[in-house]
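Following: one structure in structure tokens, then a few remarks.
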Amino acid sequence: MKHPAMKQILSIQSHVAYGYVGNRAATLPLQRLGHEVTVINTVQFSNHTGYLKWTGEVFSAAHIESIIEGLESLGALQKMDALLTGYLGDPAIGEIILSVLDRLPEGTRWLCDPVMGDVGRGFFVRPGIPDYFRQKALARASIITPNQFELEYLAGRQILTLDDARKACRMIHEMGPETVLLTSLIHDGTRDDEIQMLASSKSGEQFLATTPRLKFDPAPNGAGDCTSALFLGHILSGAPLDQALSKTASSIFALFEKTLAAGRRELNMIAAQDDFARPAPLAVMTL
């Protein structure tokens with residue numbers, strides 16, 4: 001019998017054989033929070049592209065559609081409580097995701113991580129994907145989890161101050177999403193040794209979490225995928241917005257601490273798994 005707190009989540013993301021990005025970074029956190037995850041991989045690579053060398057292939061839209069049809073024939077899609085998506089290898093995958101959303105139960109929450117680029121790197125996705133997120137995904141997504149660069153693009157405004165970030169989130173709410181989690185925020189009031197997350201609700205609630213900023217060289221990949229999974233997991237478990245933010249930020253900082261202490265290039269996910277399930281208390285500021 002399904003535990004009442006356990007939710008069914010369909011996660012459509014990338015997969016690597018070695019390391020933790022995409023579905024590899026999302027599945028364990030969700031499972032440690034007590035949820036069931038059905039996984040569809042959009043790619044299968046030997047390792048993530050941060051190494052600049054990898055093998056494997058991007059799965060075709062037809063391949064992914066066939067997996068979805070197989071799940072539908074089992075009746076699995078009708079059991080889903082949420083849809084989680086991240087990096088899209090091709091704009092055609094985005095269209096399939098919208099099609100999947102139409103086949104999921106009414107009211108299914110879609111957490112869309114609009115992976116497009118980052119501060120200092122600019123866009124690193126194929127042409128058409130940024131337009132897909134702004135013109136199609138925002139209208140359908142329940143929750144989005146952009147980084148600062150992505151929020152600036154989606155809202156069409158630069159973020160230099162905390163007020164800029166708050167206004168950008170409100171602009172996103174007007175485009176559709178009930179909830180925005182700005183996963184990495186650095187503004188004119190942020191100290192050099194800290195980084196922030198901002199959670200915003202269409203109802204008007206906004207909360208700020210601050211943690212120390214650890215120095216990595218190079219920074220590990222996959223933290224955004226893990227952040228989105230944890231945040232969705234807490235929301236599905238019934239946590240109010242401020243607690244979901246607090247628990248997510250606490251777990252991610254613990255993950256970073258353990259990764260840095262181990263001197264690893266990859267996220268130290270296994271060592272941090274208890275921090276996912278039982279995050280240390282972290283105070284958040286009501287804005």
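Checking Ala261, Ala239, Ala249, Ala254 one by one, the residue that is of a type in the set (Gly, Ala, Ser) and not in a helix (DSSP H, G or I) is Ala239 and no other. Of all residues in the stretch 184-215, those satisfying the criterion of being more than 15 Å from Ile143 (Cα to Cα) and not in a strand (DSSP E or B) are Ile186, His187, Asp188, Gly189, Thr190, Arg191, Asp192, Asp193, Arg213, Leu214, Lys215. Here Thr286 meets the list (1) in contact (Cβ under 8 Å) with a residue 12 or more places away in the chain; (2) under 18 Å from the mean Cα position of the chain (by Cα) almost entirely, failing just condition (2).
For the stretch 153-163, which residues satisfy the criterion of being closer than 26 Å to Ala82 by Cα and of a type in the set (Asp, Glu)? Listed by number, the list is empty, since nothing qualifies.
Could you look through the stretch 235-246, keep only residues that are among the polar types (S, T, N, Q) and either in contact with a Leu (Cβ under 7 Å, 6 or more places away or on another chain) or under 20 Å from Ile9 (Cα atoms) (or both), and pick out the one that is surrounded by the fewest Cβ atoms within 10 Å (Cβ to Cβ)?
Looking at residues that are among the polar types (S, T, N, Q) and either in contact with a Leu (Cβ under 7 Å, 6 or more places away or on another chain) or under 20 Å from Ile9 (Cα atoms) (or both), I get Ser237.
Counting residues in the stretch 212-219 that are touching a residue at least 12 places away in the same chain (Cβ under 8 Å), aliphatic (A, V, I, L, M) and surrounded by 15 or more Cβ atoms within 10 Å (Cβ to Cβ) gives zero.
Within the stretch 1-14, if we keep just the residues that are of a type outside the set (A, V, I, L, M, F, W, C) and open to solvent by 40 Å² or more (accessible area, probe 1.4 Å), the residue that is nearest to the chain's Cα centre (by Cα) turns out to be Lys7.
Remark: pairs (first residue in the stretch 253-265, closer than 12 Å to Gly222 by Cβ; second residue at pLDDT 95 or above and of a type in the set (S, T, N, Q); Cβ separation under 6 Å; 6+ apart in sequence or on different chains) = Thr259/Asn268. One residue is enough: does the stretch 220-233 have a residue meeting the conditions open to solvent by less than 30 Å² (accessible area, probe 1.4 Å), modelled with pLDDT of 95 or more, of a type in the set (S, T, N, Q) and in a helix (DSSP H, G or I)? The answer is yes; a qualifying residue exists. Taking the listed residues Thr49, Thr42, the one that is surrounded by fewer than 22 Cβ atoms within 10 Å (Cβ to Cβ), polar (S, T, N, Q) and modelled with pLDDT under 95 is Thr49, with no other qualifying.
Only one entry of Leu287, Leu232, Leu282, Leu255 meets the criterion of being of a type outside the set (Phe, Trp, Tyr) and touching an Asp or Glu at 6+ places or on another chain (Cβ under 8 Å), and that entry is Leu255.
Return the residue satisfying two criteria in turn: it lies in the stretch 247-268 and is under 18 Å from Phe231 (Cα atoms) and touching a helix residue (DSSP H, G or I) at 6+ places or on another chain (Cβ under 6 Å), and of such residues it is surrounded by the most Cβ atoms within 10 Å (Cβ to Cβ). Ranking the qualifying residues of the stretch 247-268, first place goes to Thr248.
Flag not set for Leu10, criterion: modelled with pLDDT of 95 or more and either in a helix (DSSP H, G or I) or of a type in the set (Val, Ile, Thr) (or both).
No other residue among Arg170, Arg126, Arg134 is open to solvent by 10 Å² or more (accessible area, probe 1.4 Å), more than 23 Å from Leu232 (Cβ to Cβ), outside any strand (DSSP E or B) and of a type outside the set (A, V, I, L, M, F, W, C) apart from Arg126. Here Pro105, Pro114, Pro91 are screened, and the one residue that is buried (at least 22 other Cβ atoms within 10 Å of the Cβ) and over 13 Å from Ser11 (Cα atoms) is Pro114. The number of residues in the stretch 15-39 that are open to solvent by 30 Å² or more (accessible area, probe 1.4 Å), assigned to a loop (DSSP other than H, G, I, E, B) and within 25 Å of Asp217 (Cα to Cα) comes to 3.
The values are calculated or read from the model by the stated rules, or taken from the named source; none is laboratory data. Since this is a predicted model, take the numbers as computed values, not measurements. Neighbour counts are summed over all protein chains in view; Cβ atoms, including those assigned to glycine, are modelled from backbone coordinates with ideal geometry. These accessible areas exclude ligands, DNA and RNA; they are computed on the full protein's heavy atoms, side chains included. Shrake-Rupley method; radii C 1.70, N 1.55, O 1.52, S 1.80 Å.
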